[in-house]
1. Restricting to region 90-107, count the residues that are hydrophobic (A, V, I, L, M, F, W, C) and touching a residue at least 60 places away in the same chain (Cβ under 8 Å).
2. Looking at 127, 99, 68, 82, can you tell me which residue is in contact with a Leu (Cβ under 8 Å, 6 or more places away or on another chain) and more than 18 Å from residue 142 (Cα to Cα)?
3. Wholly within region 48-153, which strands (runs of 3 or more DSSP E) include no fewer than the required count, namely at least 2 residues that are among the small types (Gly, Ala, Ser)?
Amino acid sequence: MKRMLAILLLTAATTMATAQTTTTFTADDNKAAQEEIIKLEFYLASLLEKGDLQTYAGYVTDDYIRISKNGVVATKQQVLESMRGAQPGSMTMKPHDLSVRVYGNTAILNGKLDVETRKDGTVTTSSSYFTKVFIRRDGRWYLANLQGTPLSK
């Protein structure tokens with residue numbers, strides 16, 4: 001009986017100690033970093049519109065992963081290769097409804113993206129929700145991950 005009581009007290013003490021050390025947290029209140037990420041998002045969209053893949057690639061981590069709105073997983077090299085054939089100016093990208101959360105050297109960007117592409121006289125439009133993960137290294141933000149989800153029309 002004494003042994004059972006000792007085990008019960010030990011369990012209770014451990015549970016209370018664990019409960020007291022549980023931490024909750026929210027994003028940093030870092031307005032400057034939030035503004036940097038939003039500015040960078042528009043800049044990256046403009047690079048893609050112009051077809052400047054070399055500059056765009058400099059803002060993307062080497063181990064970047066994109067999960068497209070169709071569920072296709074692609075690496076940095078695969079994404080860049082798929083964009084090489086596009087004519088500069090044949091695509092318009094409009095990010096909007098942007099929300100940034102910063103956690104130290106990591107930022108998460110959520111938003112919507114409207115894309116219009118023009119090819120052979122045909123205009124195609126699409127809209128999606130997206131989540132992007134940026135990391136900060138050596139004072140600069142880099143895109144590390146992107147996932148898109150199509151919006152129903």
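1. Residues of region 90-107 that are hydrophobic (A, V, I, L, M, F, W, C), as a first pass: 91, 93, 98, 100, 102, 107.
Pick out the ones that are also touching a residue at least 60 places away in the same chain (Cβ under 8 Å) and you get 98, 100, 102, 107.
Count: 4.
2. Details: 99 fails: more than 18 Å from residue 142 (Cα to Cα); 68 fails: in contact with a Leu (Cβ under 8 Å, 6 or more places away or on another chain); 82 fails: in contact with a Leu (Cβ under 8 Å, 6 or more places away or on another chain).
127 is the lone residue from the list that is in contact with a Leu (Cβ under 8 Å, 6 or more places away or on another chain) and more than 18 Å from residue 142 (Cα to Cα).
3. Numbers: elements: 60-67, 73-75, 91-103, 106-119, 122-137, 140-150.
Per the criteria, 106-119, 122-137, 140-150.
Here is a yes/no grid of residues against (1) among the aliphatic types (A, V, I, L, M); (2) out of contact with any Gly (no Cβ under 8 Å at 6 or more places or on another chain); (3) over 17 Å from residue 41 (Cβ atoms):
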residue	(1), (2), (3)
60	yes, yes, no
87	no, no, yes
93	yes, yes, no
99	no, no, no
103	no, yes, yes
109	yes, yes, no
112	no, yes, no
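Yes or no, residue by residue, for (1) open to solvent by less than 50 Å² (accessible area, probe 1.4 Å); (2) of a type in the set (A, V, I, L, M, F, W, C); (3) at pLDDT 95 or above; (4) closer than 18 Å to residue 113 by Cβ:
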{"site": "37", "(1), (2), (3), (4)": "yes, yes, yes, yes"}
{"site": "40", "(1), (2), (3), (4)": "yes, yes, yes, yes"}
{"site": "47", "(1), (2), (3), (4)": "yes, yes, yes, yes"}
{"site": "56", "(1), (2), (3), (4)": "yes, no, yes, yes"}
{"site": "62", "(1), (2), (3), (4)": "no, no, yes, no"}
{"site": "65", "(1), (2), (3), (4)": "no, yes, yes, yes"}
{"site": "68", "(1), (2), (3), (4)": "yes, no, no, yes"}
{"site": "74", "(1), (2), (3), (4)": "yes, yes, yes, yes"}
{"site": "78", "(1), (2), (3), (4)": "no, no, yes, no"}
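Per-residue answers, yes or no, for (1) open to solvent by less than 70 Å² (accessible area, probe 1.4 Å); (2) free of Cβ contacts under 8 Å to residues at least 24 places away in the same chain; (3) under 21 Å from residue 33 (Cα atoms); (4) touching a His at 6+ places or on another chain (Cβ under 6 Å):
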{"position": "112", "(1), (2), (3), (4)": "yes, no, yes, yes"}
{"position": "124", "(1), (2), (3), (4)": "no, yes, no, no"}
{"position": "144", "(1), (2), (3), (4)": "yes, no, yes, no"}
{"position": "148", "(1), (2), (3), (4)": "yes, no, no, no"}
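The values are calculated or read from the model by the stated rules, or taken from the named source; none is laboratory data. Source: prediction; values computed, not measured. Neighbour counts run over all protein chains shown; Cβ positions are idealised from the backbone, glycine included. We work out accessible area using only protein heavy atoms, side chains counted, and drop any ligands, DNA or RNA first. Shrake-Rupley method; radii C 1.70, N 1.55, O 1.52, S 1.80 Å.
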